[in-house]
Amino acid sequence: MNVCKKLAQNLVLVLLVLFSASCAFDGRIHRSEAEADPFESINRPIFEFNYQFDKYILKPLAKGYRAITNQFIRERIHGIITNIKEPISMVNHLLQADPKATVVSLNRFVINSTLGLAGMFDVADGWGLKKEETGFNATLAHWCIKDGPYIVLPFWGPSTPRATVGLIADGFANPVYWATLNDANVRDKIIYSYAAVSSVSMREAALDIGDDLERNSVDFYATMRSAYLQNQSKLRCFNDDGSAGQTYDFDFGIEEEDAAFDEMEEE
Amino acid sequence: MKKNFAAVLAAALMMFAAPARADVDGAKAEAFVKNVTTQGIEQIINANVSQAEKDARFAKLFNEALDLDFIGQFVLGRNWRTATPEQRKEFIKVYRQLNVSTWSKRFDEFKGKEFIFSGTTPSSSKGQIFVNSTVPMDQGEPAKVVWRVRDKNGNMKIVDIIIENVSLAITARNEYAAFIKNNPGGVDALIANLKSKI
């Protein structure tokens with residue numbers, strides 16, 4: 001346990017350093033990806049390690065899971081995991097000053113945990129209470145905190161300092177963590193089981209798309225980085241009125257190609 | 001005098017009110033994309049014909065609906081400008097084949113499904129518009145799919161597909177840029193690599 005604590009402390013320190021480093025980066029939507037990835041020389045080996053870990057451990061597990069279950073069962077398990085995470089969304093909707101979404105999340109959690117049989121069935125959705133997932137990373141973005149440089153976390157994958165802080169905070173907001181606080185022994189077992197089940201379930205859902213992406217990619221690291229950074233750029237600051245347009249609305253015209261290239265590829 | 005002033009004012013107001021760029025007809029763009037997806041799902045994916053016939057129909061639809069010359073040029077980025085005419089031609093050809101074969105393999109994912117359209121969003125690029133849609137997934141939430149449509153003298157073509165905020169064009173562009181940067185073979189090596197994937 002002591003080792004864990006020390007590790008956690010070190011991690012927080014590293015993140016703080018990265019966080020302050022991130023202030024040097026401006027939040028231009030179209031910052032080039034090389035600019036967003038100053039640690040590429042460290043990130044690539046970690047990415048490669050994750051790739052091997054996935055290839056020999058996680059992916060076979062996900063395939064095995066697919067082999068022994070059917071679509072119906074997988075959907076129920078996915079539902080349970082999604083329902084467990086609903087309080088994370090609730091807390092973060094509250095932190096993003098969105099009372100309506102907070103109440104929807106609360107109602108969804110109560111309804112689906114009971115009538116929906118622990119989340120196996122999304123009863124609330126049928127009543128017009130649509131799922132709207134959010135997390136602490138989105139909350140930090142909402143508070144106008146920049147995401148910082150692109151980093152690849154061992155075992156986890158693409159991230160940024162902000163997303164990593166969000167990941168840890170969401171862990172604390174997860175009922176699996178706080179509902180089992182009383183008994184350290186039970187808690188550890190439950191947390192590890194939950195982590196294992198949810199990662200295998202998540203990996204199974206991404207099996208086909210992951211294979212497709214990899215097969216077509218000439219540089220899988222660059223593909224994943226690009227997809228991740230594009231997806232992150234949808235998280236907006238609260239006072240961003242959207243006048244900057246959609247993040248994918250870059251200048252896409254051959255007539256203006258020189259200007260567009262110069263803008264996108266300043267390096 | 002007063003009348004003249006009013007006319008000038010009206011003209012000035014109209015100049016401001018008029019959009020800076022020739023706007024694309026949103027309803028028309030949406031109908032265009034809707035037609036493409038309906039054709040794709042009803043006449044190809046759900047159709048009771050051989051796989052070879054499906055592939056042939058899809059290749060035709062794909063080439064009609066997407067402006068691959070335009071997309072290929074964008075995707076190659078700054079390397080387009082330094083590429084020779086042969087390299088450009090070869091790249092577009094390979095890129096087209098790769099996309100057709102990739103999407104043909106994904107037919108099953110769209111079986112019995114239907115895109116739900118929800119209006120358009122203006123683009124800052126000239127003669128272009130975004131058509132918004134969602135498509136149900138086997139598991140979890142429906143996926144958000146945005147189609148970038150370019151109107152060239154009334155002839156509409158899809159120039160980008162954005163799935164859950166990830167643009168296929170930008171991803172390919174970044175990926176190819178990284179490949180070329182790390183590869184002494186440059187554009188030729190890229191073309192060879194893409195060829196091996198078809």
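All of the numbers you see were taken from the coordinates with simple rules; none came from a lab. Given the structure is predicted, the values throughout are model-derived calculations rather than measurements. A quick note on method: Cβ atoms are made from the backbone with ideal geometry, for glycine too, and the neighbour counts reach across all protein chains shown.
Relative to the longest principal axis of chain B, what angle (0 to 90°, nearest 10) does the C-alpha long axis of helix B:26-38 take? Long axis of B:26-38 versus the principal axis of chain B: about 20 degrees.
Summarising the label geometry, the points placed 7 Å from Cα in the beta-carbon direction at B:Asn182 and A:Leu181 lie 4.5 nm from one another.
Counting only other chain Cβ atoms within 10 Å of each residue's Cβ, the peptide A:211-218 averages 5. Checking the cross-link filter: which lysines have an alpha carbon closer than 23 Å to that of B:Lys54, excluding same-chain neighbours under 8 positions apart? Excluding near neighbours in sequence, the set is B:Lys34, B:Lys93, B:Lys105, B:Lys111, B:Lys113, B:Lys157, B:Lys195, B:Lys197. Neighbour counting of Cβ atoms within 10 Å sorts the residues B:Asp160, A:Asp54, A:Asp170, fewest neighbours leading, into A:Asp54, A:Asp170, B:Asp160. Value of Rg to Rh for region A:108-152, rounded to two decimals, is 1.24; Kirkwood radius and Rg both from alpha-carbon coordinates. Pair-distance distribution P(r) for region B:50-124, from all Cα-Cα distances in 10 Å bins starting at 0: 16, 36, 32, 15, 1 percent. Cβ-to-Cβ counts within 10 Å put A:Thr82, B:Thr82, B:Thr121, A:Thr134 in ascending order as B:Thr82, B:Thr121, A:Thr82, A:Thr134, the fewest first.
Look at the stretch B:122-130: the mean tally of other chain Cβ atoms within 10 Å of its residues' Cβ atoms is 5.
For region B:2-197, the mean projected area of the C-alpha convex hull, equal to one quarter of the hull surface, is 15.2 nm². Only lysines eight or more places from A:Lys85 in sequence, or on another chain, were considered; those with a Cα closer than 25 Å are A:Lys5, A:Lys59, A:Lys63, A:Lys100, A:Lys130, A:Lys131, A:Lys146, A:Lys189, A:Lys234, B:Lys144. Axis of helix B:186-195 versus longest Cα principal axis of chain B: the two differ by about 60°, to the nearest ten degrees.
Between A:Phe155 and B:Lys28, what is the spin-label point distance in nm, taking each point 7 Å from the Cα along the Cα→C-beta axis? According to this spin-label approximation, the distance is 5.7 nm.
With a sphere of radius 15 Å drawn around the Cβ of A:Pro60, what net charge do the other residues whose Cβ falls strictly inside it have (Lys, Arg +1; Asp, Glu -1)? Please list the in-between numbers first.
Numbers: positive: A:Lys55, A:Lys59, A:Lys63, A:Arg66, A:Arg203; negative: A:Asp54, A:Glu204, A:Asp211.
Net charge in that neighbourhood comes out at +2.
Orientation-averaged projection of region A:33-266 equals 15.8 nm² [convex hull of Cα atoms, one quarter of hull surface area]. How tilted is helix B:2-17 with respect to the longest principal axis of chain B? Cα atoms for both, answer in degrees (0 to 90, nearest 10). In chain B, helix B:2-17 runs at an angle near 10 degrees to the longest axis.
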